[in-house]
Amino acid sequence: MLPAALAALLDRPDTERVLDVGGWAAPVNRADWVLDVMPHATRGALMPGGFGPGPERFGPDTWVTRDMCDPEPWPWDDGYFDFAICTFTLEDVRDPVRVCAEMARVARAGYIEVPSVLDELSHRNPEASGGPWLGHSHHRWLCLREDDTLVFLHKAHSLHTRRSVRVPGRWARRLGPEERVLAHAWTGTLRAREYPAIDHYPFARLEAEIAQRFSPGPAERAGIALADRARNSVEWRLRRRAEQRG
């Protein structure tokens, strides 16, 4: 959670009810309730002791263990919470649009963080991450924003070998902490939808976002195009060879 966002949360009235959606790995200590598929006893896998100043306001009785994407409503009335937080969770779950709908039903306002497109397209060091791949291997979605709407684009396997949508490590190291996060605050209405990548995948849109930030020169663009053509040629020959053997 970005420092400014945590400070804003801590500045909210102490009497407000706060829900942490998906807080298992690093639950926010200010939260009164937590919703996660993992149980209370295993919390803090990435941040023992929780996130932010303690002590924990939630406890075993206010930790709800369940699948947040389940079609059944969450176990709270409409508007039960004053504020909901959901940090680095929506990119993982199978139905982030459903989660956003329930979050907006049970809370009157909230704050979301997900990886930015530039962060999720960053090429990981194989020695550090087990790659090579773009972003994190367990993430299902690329997260974008159109006006006041969160847009979820499924993270296609073809991204990992397409150099035109790769943020090389030398570029990724130039990204500041706030550039690695898509932060979204909402009040009253939380709009979210899935990008319907059915007959085509929006590679051009992702390429444009990378170019806007890093502005690769002509020589670098030519190198990227040449590498893609070489990869496609190798893949075509391998498929052709497999077909002939089959």
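The values are calculated or read from the model by the stated rules, or taken from the named source; none is laboratory data. Computed from a predicted model, the values in this text were never measured in an experiment. With ideal geometry, Cβ positions are generated from the backbone for all residues, glycine too; neighbour counts draw on all protein chains shown. Side chains are part of the model used for accessible areas, which takes the heavy atoms of the whole protein and leaves out ligands, DNA and RNA. Shrake-Rupley method; radii C 1.70, N 1.55, O 1.52, S 1.80 Å.
With a 1.4 Å probe and all protein chains in place, put L6, L35, L46 in order of accessible area, largest first. Walk me through the numbers before you get to the answer.
Details: L6 30, L35 0, L46 145 Å².
Reading off the accessible areas and sorting them downward yields L46, L6, L35.
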Carbon plus sulfur, as percent of the 1.4 Å-probe accessible area of the chain, comes to 54 percent
Going residue by residue through the range 142-155, the Karplus relation 6.51 cos²θ - 1.76 cosθ + 1.60 with θ = phi - 60° gives ³J(HN,Hα) values, rounded to whole Hz and with x marking Gly or Pro, of 8, 10, 10, 9, 10, 6, 9, 10, 7, 10, 10, 10, 4, 7
Counting only residues 5 or more apart in sequence or on a different chain, those whose built amide H sits under 5 Å from that of V28 are F51
Counting every C-alpha pair in the chain, the percent lying more than 24 Å apart is 53 percent
Per-residue ellipticity at 222 nm attributable to helices in the chain (runs of n ≥ 4 DSSP H, -39500 (n - 2.57) apiece, nearest 500 deg cm²/dmol) works out to -8500 deg cm²/dmol
Here the range 180-187 yields Karplus 3J(HN,Hα) values (6.51, -1.76, 1.60; θ = phi - 60°; whole Hz; Gly and Pro given as x) of 8, 10, 9, 9, 9, 9, 9, 9
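What accessible area per residue comes out for the chain, rounded to a whole number of Å², with a 1.4 Å probe? Present the calculation step by step, with values, prior to reporting the outcome.
On the way: 12960 Å² over 246 residues.
Ligands and nucleic acids excluded, the result is 53 Å² per residue.
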Placing each pseudo-label 7 Å from Cα in the direction of the beta carbon, L10 and R145 end up separated by a distance in nanometres of 2.3 nm
Residues whose built amide H sits under 5 Å from the amide H of R145, excluding neighbours closer than 5 in sequence, are V151
Taking only Cα atoms of the range 38-79, the Rg to Rh ratio with Kirkwood Rh works out at 1.02
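How much of the DSSP bridge set in the chain is antiparallel, in percent, rounded to the nearest 5?
Numbers: 14 of 34 bridges.
In the chain, DSSP labels about 40 percent of beta bridges as antiparallel.
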Measuring from the longest principal axis of the C-alpha atoms of the chain, the long axis of helix 96-106 (C-alpha) lies at a number of degrees, nearest 10, equal to 20 degrees
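Which order do you get for S122, S164, S158 if you rank them by accessible area with a 1.4 Å probe, largest at the top? Walk me through the numbers before you get to the answer.
Details: S122 5, S164 30, S158 60 Å².
Heavy-atom accessible area, descending, gives S158, S164, S122.
Provide the net charge surrounding W33, with neighbours chosen by a C-beta distance below 14 Å and charges set as Lys +1, Arg +1, Asp -1, Glu -1. Don't skip to the answer; put the middle values down first.
Values: positive: R17, R30, R43, R57, R66; negative: E16, D20, D32, D36, E56, D61, D77, D82, E102.
Computed value for this residue: -4.
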What the 5 Å binned alpha carbon P(r) of the range 35-162 shows, as percent of pairs per bin from 0, is 2, 9, 16, 20, 19, 16, 11, 6, 2, 0
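Calculate the FRET efficiency for R163 and D199 from the Cβ-Cβ distance with a Förster distance of 25 Å, rounded to the nearest 0.05. Intermediate values should be presented prior to the final figure.
Numbers: r = 23 Å, r/R0 = 0.93.
After rounding, the FRET efficiency stands at 0.60.
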Going residue by residue through the range 194-206, the Karplus relation 6.51 cos²θ - 1.76 cosθ + 1.60 with θ = phi - 60° gives ³J(HN,Hα) values, rounded to whole Hz and with x marking Gly or Pro, of 9, 6, x, 7, 9, 9, 7, 10, x, 4, 4, 5, 5
Within the range 120-191, DSSP-loop trypsin sites (Lys or Arg not before Pro) with at most 16 other C-beta atoms within 10 Å are R140, R173, R174
Between the Cα axis of helix 218-245 and the main Cα principal axis of the chain, the angle (0 to 90°, nearest 10) is 80 degrees
